[in-house]
Structure formats: C-alpha cells, structure tokens
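Please read the structure below before turning to the comments.
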Amino acid sequence: MKKLKLLLLLTGFIFISNNLLEAQTYNNGIGLRFGWGYGLTFKHFMNDKAALEGILNYRSYGSGTYDYSYFRISALYLIHNPISSVEGLQWYYGGGLMFQSWGGAFNDFQPGVSTTNFGIMGALGLDYKFNGAPISITVDWLPTIIIGGYLSGFGGEAGGLAIRYTF
C-alpha cells in the first residue's frame, strides 16, 4: 500500500510540475510494473513505431488451501500509433511469447501442484511520455493463451501499469 501511495504522489507531482506537456520520443525505457503481480520492464524502440518489450513478473497470493506463486518471462513486439489530440500519448498493439513457472495449492482442486508452461500473448495499451522529464507511463492488457501444464487455456487477467525511466 505504501508503494501505491508513493506512486500516486510521484505521478501527481509530475502532472503538476509539467503544465505544458508535449510529445517527446525515447529510445529505451526501464522501470517497474504493477498489476497482476509485480515486475520489471524494459522497452526498446527499433524505429518510430516498432518496439520490443521484455517483462519479468512475479506474483504470490494467498495462504492455506489457496496459496500459489509464479514467475513469468515475457517478450513482446509492439506497434505504436500516436493519438494526435494528446501530445506524448500513443496507443499500441502487438504480441509475443511468455514462459512461466507456477506452483502452489489451488483450493481442493489441485493441492501442491507445480508446473511450467509457455504461452502466446497479445498486447493492447497506452503509452505516455512526459516532455521535459525522463518518464513514461504505460497501461495495458496482455491476454494470454497458456499452452501445456496445469491451468492451460485463455488467461485475460494479465496487464498493468508500468512506470519507466527513459533514455
């Protein structure tokens, strides 16, 4: 909860201190990701529209009969398109692959299960780069089709908020 308050305070400060926001591109961004788990993210633009993003994500949840954790590595290819009415704002789409290791108890259905699997991910999101500050904020949805192992099938819960230092 303290991390969320700090995040909101930082975001509010940036909005207040930058009254005139304009578009500014960046080549690379590294930062933190919040949402369905916590993680690290790195984005590299290959040109004005195309970017590669890598995500390391960890989630731990529950106690007792409903207790699990997973570690996920994702690689995405993203196409960005500017939103002309707001400078610095882009929407993007794309896809990629993920690999995850999952373990724990899922109620009485699967007590003490561990598995590894991979998946195909989609991506749909917004990316905002602040002018005059080396910061970008991204919000996205990453629907995934998980293949192999326990919990195979469609997963629509992945996505989140990323804050990156840009350079």
Q) Amide H of G88: which non-local residues (sequence gap of 5 or more, or other chain) have their own amide H closer than 5 Å, using H built in the peptide plane? A) A23, Q24
Q: Show the residues, 5+ positions off or on another chain, whose built amide H is closer than 5 Å to the amide H of W36.
A: G159
**Q.** Packing-based exposure ordering (other Cβ within 10 Å, fewest first) of E157, E53
**A.** E157, E53
Q: Pop a pseudo-label 7 angstrom from the Cα along the beta-carbon direction at both K49 and L161 and give the gap in nm to one decimal.
A: 3.1 nm
Q) If you add up the charges near A50, with Lys and Arg at +1 and Asp and Glu at -1, over every other residue whose beta carbon is less than 14 angstrom from its beta carbon, what do you get? A) -1
Q) Taking 0.36 nm per intervening residue step and subtracting the Cα-Cα distance, what contour gain separates S101 from V86 on full extension? A) 1.5 nm
Q: Compute the distance in nm between two label points, each set 7 Å from the Cα along the Cα-to-Cβ direction, one at Y93 and one at Y61.
A: 2.8 nm
**Q.** Under Karplus coefficients 6.51, -1.76 and 1.60, residue-wise ³J(HN,Hα) of the stretch 47-53 in Hz, glycine/proline x
**A.** 7, 4, 10, 9, 9, 10, 10
**Q.** Full-stretch length increase - F42, L126 - with 0.36 nm per residue and alpha-carbon distance subtracted
**A.** 28.7 nm
Q: Give a residue-ordered list of calculated ³J(HN,Hα) values for the stretch 130-145 (Karplus: 6.51 cos²θ - 1.76 cosθ + 1.60, θ = phi - 60°; whole Hz; x for Gly, Pro).
A: 6, 6, x, 9, x, 9, 10, 10, 10, 10, 8, 10, 10, x, 9, 9
Q | Taking H44, H80 and counting other C-beta atoms within 10 Å, the order from fewest to most | A | H44, H80
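Coordinate-derived values only; no laboratory data. None of the values given here were measured: they were computed from a predicted structure. Quick reminder, even Gly has a Cβ in these numbers, built from the backbone with ideal geometry, and neighbours come from all protein chains shown.
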